[in-house]
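Working notes, structure below.
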Amino acid sequence: MATPAADLTAAASALTLTPEQEAAVAARFRAAMVAGLAGRPSPLKMLSSHLALPGGDERGLYLAIDFGGSNVRVQLVELLGGGKWLVRRQSAAPLKDPAGAYDYTVAAATGEQLFDFLAARIAPLVDDGRDYLLGHTFSFPCTQLDAGRAVLISWTKEISTAGVEGREVNALLAAALARRGLARIRPVAVINDTVGTLLAAAYRDPSADIAAICGTGHNTCYYDAARGTIINMESGNFDALPVTPWDDALDAASEHPGAQRLEKMAAGRYLGEIARLVLAAEGAPTDPPYSLATADLAAWLADGDGPRRRLAALIAERSARLVAATFRGVLAHIDPGGKKKHTIAIDGTLYEKMPGYAGTMAAALGSAPVLAKDGSGVGAAIAAALAASRR
Ligand code: BGC
C-alpha cells in the first residue's frame with residue numbers, strides 16, 4: 001500500500017466544506033425535491049412507494065428478502081404488534097463469492113441466475129405445505145407501479161447483471177420461486193431499503209419520518225404527509241455539489257458516468273477509491289482502482305499514522321456533512337417552521353462503523369439520527385403486511 005505524501009494541504013482545502021457550501025447543498029436539495037415532485041427535470045427521482053407509515057400493530061409471519069448489492073439476506077419475520085418483531089430464521093450470502101466460485105453482480109450473469117440464487121436461499125426457510133407472503137427489499141431505483149410491482153430503472157453500486165433493467169423485479173423473483181417449486185410463496189411487496197428502514201423505525205416510533213442508508217450505497221426517503229406515501233428520493237443521484245477533480249475522475253471511470261454523483265462522494269462503495277485517487281495525485285505509487293476499501297479508511301481512522309488518518313477523516317467528514325446537508329433540505333421541505341419532532345433513522349455500515357461518522361452528522365444536524373440496524377429485512381415484512389391488508 002502506498003504511503004501518502006505528508007502534505008495534504010491541497011486535499012484538505014478541496015475536501016473541506018464551508019458552511020456556505022453546506023447551506024447551498026441543503027437549499028439546492030430542497031429545490032430539487034420540489035422540482036422532482038412537480039415532474040420537472042430534477043436529479044431526484046422522487047419515487048412513490050405506494051405505502052404509508054405503519055401503525056405498529058401489523059401482525060403475522062412473513063418472508064423477507066433484503067437484496068442490497070453486496071449480500072442477500074433472507075428472513076422469516078414474525079410481526080408481533082406493539083412495535084415488536086422476532087426474526088425466526090435467517091441466512092445471508094454474498095452475491096459475489098469471495099473464493100471466486102460465482103459472481104451474480106456482473107454483466108456475464110443473467111437475471112434468471114441471480115433470482116434463482118435468491119430462491120435457493122429462501123427454500124430452507126419455509127415449511128412444506130404452507131403459504132407465505134413475501135416482502136422484497138430491492139435497493140435500487142425502481143418505478144413503482146404499486147406496492148408489489150416495481151421496475152428496475154437502472155442498476156447502481158457498479159452492478160451490471162444482464163436482463164434486469166427495465167424488468168419487474170418481483171415477476172423475476174416469482175418466476176424463480178416457481179422454477180424451484182416454491183410457488184406457494186407470493187411476493188406481495190417490493191420496497192427500497194430506505195423505505196424498509198423507515199417502515200421498521202416507524203413501527204416503533206411514530207415520529208420517524210425520514211430514513212437513509214449510509215452503507216455501500218447512499219439514499220434517503222421520507223414520508224410525504226401531503227401525498228400520504230413514503231417517497232424514495234434516490235438522493236444518491238443528487239448532483240448540485242461542490243466536486244473535486246478526484247470526484248470527476250472517479251465518476252468518469254465508473255459504470256455510469258454522470259449518475260449517482262452524491263453517492264460517489266458519500267457512500268462506502270467509493271470512499272476508499274477517492275482516497276486512492278488523492279494519494280495518486282499526491283505522487284504516491286499508483287495502486288489499482290478500488291484497491292483501497294472504505295474499511296481501510298475506517299482502520300486508518302482508528303489507528304493509522306498521521307497523514308493517513310487525516311486523509312480518511314477528510315473524506316469521511318465530507319461524506320457525513322454532505323448527507324447531513326441533504327437532511328436539512330428535507331426537513332426544510334416537510335416542516336418549514338421546524339414545529340414537529342422528526343426521527344431520522346439511518347442504517348448502513350458506513351454510519352455504524354466509520355469512526356466519528358455518526359458524531360459528525362449529529363453535530364452538523366444539531367441532533368442525532370438513530371441507528372436503525374437491519375431495518376430493511378423487517379421493513380420488507382411490514383410492507384408485505386401493509387400490502388396484504390389492502391387486498
Ligand atoms: C440505490 C438506492 C439504495 C441505496 C442504498 C443506491 O445505489 O440507488 O436505491 O437505496 O443505494 O442501498
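The values are calculated or read from the model by the stated rules, or taken from the named source; none is laboratory data. Everything quoted here is computed from the prediction, not taken from an experiment. No Cβ is skipped: glycine too gets one built from the backbone with ideal geometry, and neighbour counts run over all protein chains shown. These area figures cover heavy atoms from the full protein model, side chains too; ligands, DNA and RNA do not enter into them. Shrake-Rupley method; radii C 1.70, N 1.55, O 1.52, S 1.80 Å.
Beta carbons closer than 8 Å, at least 6 apart along the sequence or on distinct chains, pair a first residue in region 139-161 that is in contact (Cβ under 8 Å) with a residue 12 or more places away in the chain and of a type in the set (Lys, Arg) with a second that is more than 10 Å from the ligand (Cβ to nearest atom) and open to solvent by 20 Å² or more (accessible area, probe 1.4 Å) for Arg149/Glu168; Arg149/Ala171. Take region 145-190 and flag every residue that is assigned to a helix (DSSP H, G or I) and not β-branched (Val, Ile, Thr). Listed by number, the residues that qualify are Asn170, Ala171, Leu172, Leu173, Ala174, Ala175, Ala176, Leu177, Ala178, Arg179. Checked against the criterion of being among the hydrophobic types (A, V, I, L, M, F, W, C), assigned to a helix (DSSP H, G or I) and either open to solvent by less than 50 Å² (accessible area, probe 1.4 Å) or assigned by TED's automatic domain parsing to the domain that holds Val243 (or both), the candidates Ala275, Ala259 yield just one match: Ala275.
In region 232-260, the residue that is modelled with the lowest pLDDT out of those that are farther than 19 Å from Asp193 by Cα and among the charged types (D, E, K, R) is Glu255. In region 49-72, how many residues are assigned to a strand (DSSP E or B) and open to solvent by 40 Å² or more (accessible area, probe 1.4 Å)? Total meeting the criteria: 3.
Remark: pairs (first residue in region 225-243, more than 11 Å from the ligand (Cβ to nearest atom); second residue outside any loop (DSSP other than H, G, I, E, B) and among the small types (Gly, Ala, Ser); Cβ separation under 7 Å; 6+ apart in sequence or on different chains) = Thr229/Ser48; Ile231/Ser48; Phe238/Ala32; Ala240/Ala32.
Any idea which residue in region 148-171 is farthest from Ser48 (Cα to Cα), counting only those that are crowded, with 22+ Cβ neighbours inside 10 Å and either of a type in the set (D, E, K, R) or away from the ligand (no atom under 16 Å from the Cβ) (or both)? Step by step, filter region 148-171, then rank; the result is Lys157.
Has region 305-318 got at least one residue that is of a type in the set (A, V, I, L, M), buried (at least 18 other Cβ atoms within 10 Å of the Cβ) and over 16 Å from Leu15 (Cβ atoms)? Break it down into steps so the answer makes sense when it comes.
If we filter region 305-318 for residues that are of a type in the set (A, V, I, L, M), which is where we start, we get 311-316.
Retained after the next criterion (residues that are buried (at least 18 other Cβ atoms within 10 Å of the Cβ)): 311-316.
From the residues that got through so far, the ones that are over 16 Å from Leu15 (Cβ atoms) too are none.
The answer is no; no qualifying residue exists.
Checking the structure you have, find out if any residue of region 289-303 is assigned to a helix (DSSP H, G or I), among the aromatic types (Phe, Trp, Tyr) and within 16 Å of the ligand (Cβ to nearest atom). First the steps, then the outcome.
Just the residues of region 289-303 that are assigned to a helix (DSSP H, G or I), to begin with: 294-303.
Now narrow it down to the ones that are among the aromatic types (Phe, Trp, Tyr): 300.
Now restrict to residues that are within 16 Å of the ligand (Cβ to nearest atom): none.
No, because not a single residue in region 289-303 is assigned to a helix (DSSP H, G or I), among the aromatic types (Phe, Trp, Tyr) and within 16 Å of the ligand (Cβ to nearest atom).
Being free of Cβ contacts under 8 Å to residues at least 12 places away in the same chain and either open to solvent by less than 10 Å² (accessible area, probe 1.4 Å) or of a type in the set (A, V, I, L, M, F, W, C) (or both) holds for only one residue in Ala93, Ala99, Ala107, and it is Ala99. Within region 191-219, the set of residues being part of a helix (DSSP H, G or I), within 8 Å of the ligand (Cβ to nearest atom) and more than 25 Å from Lys339 (Cα to Cα) comprises just one member, Asp193.
Across region 304-331, the number of residues qualifying as farther than 26 Å from Tyr222 by Cβ and assigned to a helix (DSSP H, G or I) comes to 10.
Yes/no per residue for (1) under 21 Å from the mean Cα position of the chain (by Cα); (2) of a type in the set (Phe, Trp, Tyr):
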| site | (1), (2) |
| --- | --- |
| Glu78 | no, no |
| Asp103 | yes, no |
| Ala119 | no, no |
| Phe138 | yes, yes |
| Thr143 | yes, no |
| Asp146 | yes, no |
| Gly163 | no, no |
